[in-house]
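Colleague: I'd like to ask you about the structure that follows.
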Amino acid sequence: MNKKLLTTGLVGTVISALCCFTPILVVLLTAMGLSAVLGWLDYILLPSLALFIGISVYAVIKRKPSE
C-alpha cells in the first residue's frame with residue numbers, strides 16, 4: 001500500500017507542479033474558451049501541490065523500517 005501511496009503522491013506532485021509553474025493549463029483553458037477561470041487557478045493548484053507533497057512525505061516516512 002505504501003508504494004501505491006508514494007506513486008500517487010509523486011504523480012500528483014509532478015502534475016500539479018507542471019500546471020503551477022508552466023503555462024500548460026493556461027494554454028489549454030484558453031484554447032477551450034475558459035480563460036475566465038484562470039483567475040481561480042492559484043486557489044486550486046497551490047493547495048493541491050501542498051497536499052500531494054504531504055502525501056509523498058507521509059508515504060516516505062511510513063516506508064522507512066521502524067527502529
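Colleague: Find how many whole Å separate the alpha carbon centroid of segment 1-20 from the alpha carbon centroid of segment 33-67.
Modeller: 8 Å
Colleague: Show me the helices of the chain, taken as full DSSP H stretches, that run 27 Å or more along their long axis by Cα and average 0.5 or above in Kyte-Doolittle hydropathy.
Modeller: Working: long enough: 2-21 (28 Å, 1.14); 41-63 (33 Å, 1.47).
Helices meeting the span and hydropathy rule in the chain are 2-21, 41-63.
Colleague: Let me ask something additional. Using a Gaussian network model on the chain with a 10 Å cutoff between Cα atoms, which of ILE55, ILE24, ILE15 fluctuates the most?
Modeller: Residue with maximal mean-square fluctuation among ILE55, ILE24, ILE15: ILE24.
Colleague: Right, something else. Note the listed values (1) 21, 12, 12; (2) 31, 10, 7; (3) 34, 10, 8, then indicate which one is semi-axes √(5λ) of the Cα gyration tensor in Å calculated from this particular structure.
Modeller: The value computed from this structure is option (2).
Coordinate-derived values only; no laboratory data. This is a predicted model, so every value here is computed, not measured.
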